[in-house]
Amino acid sequence: MPVVSTPLASTLRFQVQVGTDANGQPVYRTRSYSRVKPGAADQDVFDVAQALGGLQVHPVIAVSRVNENDLSASS
């Protein structure tokens, strides 16, 4: 049976470097922005991420998009 994937939710995540530890190793934190439209194009989400990244106090190390989908079997 074929599987049908239905988008439910999407989240934009930033990994930022907030400083260093006692050994000089970088310390990272994750900033999440929920309520991203699941149907939004990846390029549009990336463009928004670039704009939001410029507003962060700490340097942005990585940007990711996490999608949640409902999987069901079609009849």
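The residue that is surrounded by the most Cβ atoms within 10 Å (Cβ to Cβ), counting only those in segment 39-54 that are without any contact (Cβ under 8 Å) to a residue 24 or more places away in the chain and under 28 Å from SER72 (Cα atoms), is ASP44. When segment 1-28 is filtered for residues that are within 18 Å of VAL60 (Cα to Cα) and within 13 Å of the chain's Cα centre (by Cα), the ones remaining, listed by number, are THR11, LEU12, ARG13, PHE14, GLN15, VAL16. Going through segment 1-38 one residue at a time, which ones are out of contact with any strand residue (DSSP E or B) (no Cβ under 6 Å at 6 or more places or on another chain), under 25 Å from LEU55 (Cα atoms) and loosely packed, with under 10 Cβ neighbours inside 10 Å? If the condition is that a residue be out of contact with any strand residue (DSSP E or B) (no Cβ under 6 Å at 6 or more places or on another chain), under 25 Å from LEU55 (Cα atoms) and loosely packed, with under 10 Cβ neighbours inside 10 Å, then GLN25, ARG35 are the ones that fit.
Every read-out reported here was derived from the displayed coordinates using simple, explicitly stated rules and does not represent laboratory data. Remember, predicted model here, so these are calculated numbers, not experimental data. Ideal geometry is used to build each Cβ from the backbone, glycine not excepted, and the neighbour counts take in all protein chains shown.
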